[in-house]
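Shown next, in structure tokens, is the structure this report addresses.
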Amino acid sequence: MISFDKFFNLNPRTQYFPELETKGERRGLDISGIKVLCYDGADYKGQHTKIYAHLGYPENTDKKVPAVVLIHGGGGHPEDAWIKEWTNRGYAAIAMDTTGYFPTKPIPHLYEGYAEGLENKLVPPFSEEGYTVGPNNSALHDSDLPLEEQWMYHAISAVILAHNILRNDEKIDKDNIGVTGISWGGIITSLVIGYDTRFKFAIPIYGSGYLKDNLSGICNFVCSKKEADIWFAEKNFNKVNMPVMWLCWNNDCCFSINSNSKSYLDTKDLNKNTCLSILHLMGHSHIEGFTPEESYFFADRIIKDLDIPEVKAEYKENKVYYFASESLKKVKLYYIKNKLNYELMERNGDKNTYMTEDWNILELDVAKNEAIIPNDVYGRYLEFTFDNGIVLTSPYDEI
């Protein structure tokens, strides 16, 4: 049985490096003032570990602020622009490196899937006797190793410890801290909320539970070893008591939406504000993951103790009946005519797994609560767009 209990009450030793703080712009945002730090993580092969992180605060506030833990995806590292998106909205935000990387020069340049000036090792001023870095992303292929040597164990403990840092920060309201992650970070988010139930809200982006049922390329990574099932998040979904927004792309090259929908269905009855948002034409990357307003809308509503709009879709014979608790701008039926299927193919110069069928889109009458649907519908979901532009959806299902 996996337990992270020993980490919950730890306030890890934390070191700050003001000489390494970034300045200027990142993705058009002023990132000056974001702090560079490292903190002690889980022990690895008889040594202590250090975890590299960035931490930002909102400006011009004299009261305690809400906060969020940010978990990067594959090939990613602490993302200052993502931090700034949150601090500009009044949140403190910490982003840690879950893959054991540290900067080897004063100001590293971070790119999607590539980091110039970061390496998987400790270098001055981070190096210290008795310390090392944790394991790199193994895609769960290290699941036959002792638990304390597996990458996911270190990634989850790094998130819990980052949460502890925020909870012990006098500038932060410890009862209003959320967590969100992109891609592999979405997988980690889906897992960590089954262990750390102190979070106020959670937003897994792309990644989810039910990866063994996923039809896209991720299944080839995480399901190629029998032992990997120790990290299937759905085993702990019955413990997820905070509101969750499952945010994803309807034609994701890495995560098919049947898994996100199953994750939503497993958790929706545990909190009335848990919701699903399947976005069209979203794309898969870090910046496309943190750009949609749905994340920030969801967090703001939860922090302010306001309910998330409720949406419903019910299919009977050749009709769909739909409902939303707040005023709508549009309602659309997204459907395919055959069973959801993925194949390896090249698009825009990128070879990856994609859906073999395009989505058909039928706009429904907002003024009504029912519509006749085409006879050739096989798989479907409803998209509800509210007056403020926020999109929530019903889960994907098949006839």
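Annotations for the structure displayed:
- Checklist (1) open to solvent by less than 10 Å² (accessible area, probe 1.4 Å); (2) under 24 Å from GLY75 (Cα atoms) applied to LEU215, failing item: (1)
- Only listed residue being among the small types (Gly, Ala, Ser) and either under 30 Å from ASN220 (Cβ atoms) or not in a loop (DSSP other than H, G, I, E, B) (or both), chosen from ALA367, ALA371: ALA371
- When ILE51 is tested against (1) among the hydrophobic types (A, V, I, L, M, F, W, C); (2) part of a helix (DSSP H, G or I); (3) within 30 Å of SER143 (Cβ to Cβ), only condition (2) is not met.
- Residue in region 183-199 that is more than 25 Å from ASP397 (Cβ to Cβ) and over 18 Å from the mean Cα position of the chain (by Cα) present: no
- Close Cβ contacts (under 6 Å, 6 or more residues apart or on different chains) running from residues in region 314-328 that are within 11 Å of SER394 (Cβ to Cβ) to residues that are hydrophobic (A, V, I, L, M, F, W, C) and loosely packed, with under 11 Cβ neighbours inside 10 Å are absent.
- Flag for LYS239 being surrounded by fewer than 24 Cβ atoms within 10 Å (Cβ to Cβ), over 24 Å from TYR335 (Cα atoms) and either out of contact with any Phe, Trp or Tyr (no Cβ under 8 Å at 6 or more places or on another chain) or without any contact (Cβ under 8 Å) to a residue 60 or more places away in the chain (or both): yes
- Qualifying residue in region 229-236 (condition: polar (S, T, N, Q), surrounded by fewer than 19 Cβ atoms within 10 Å (Cβ to Cβ) and touching a residue at least 24 places away in the same chain (Cβ under 8 Å)): yes
- Checking each residue of region 259-282 against the condition of being in contact with a His (Cβ under 8 Å, 6 or more places away or on another chain), open to solvent by 20 Å² or more (accessible area, probe 1.4 Å), assigned to a loop (DSSP other than H, G, I, E, B) and of a type outside the set (Asp, Glu) gives no match.
- Answer from THR14, THR49 - the residue that is closer than 29 Å to CYS254 by Cβ and not charged (D, E, K, R): THR49
For every residue, the table says whether it meets (1) crowded, with 20+ Cβ neighbours inside 10 Å; (2) at pLDDT below 90; (3) under 28 Å from ASP350 (Cα atoms); (4) in contact with a Pro (Cβ under 6 Å, 6 or more places away or on another chain).
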site: ALA81; (1), (2), (3), (4): no, no, yes, no
site: LYS84; (1), (2), (3), (4): yes, no, no, no
site: PRO103; (1), (2), (3), (4): yes, yes, no, no
site: PRO106; (1), (2), (3), (4): no, yes, no, no
site: TYR111; (1), (2), (3), (4): no, yes, yes, no
site: GLU119; (1), (2), (3), (4): no, yes, yes, no
site: LEU122; (1), (2), (3), (4): no, no, no, no
site: SER127; (1), (2), (3), (4): no, no, no, no
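- Just one residue in the set ILE182, ILE156, ILE172 is modelled with pLDDT of 95 or more, surrounded by fewer than 21 Cβ atoms within 10 Å (Cβ to Cβ), in contact with a helix residue (DSSP H, G or I) (Cβ under 6 Å, 6 or more places away or on another chain) and over 14 Å from ALA53 (Cα atoms); that residue is ILE172.
- Of all the criteria given as (1) closer than 21 Å to ARG13 by Cα; (2) buried (at least 16 other Cβ atoms within 10 Å of the Cβ); (3) of a type outside the set (Ser, Thr, Tyr); (4) modelled with pLDDT of 95 or more, the one not satisfied by HIS72 is (1).
The values are calculated or read from the model by the stated rules, or taken from the named source; none is laboratory data. Every value quoted in this text rests on a predicted model; they were computed, and no experiment measured them. All Cβ positions, glycine included, derive from the backbone under ideal geometry; neighbour counts span all protein chains shown. Areas reflect the complete protein model, heavy atoms only, side chains present, ligands, DNA and RNA absent. Shrake-Rupley method; radii C 1.70, N 1.55, O 1.52, S 1.80 Å.
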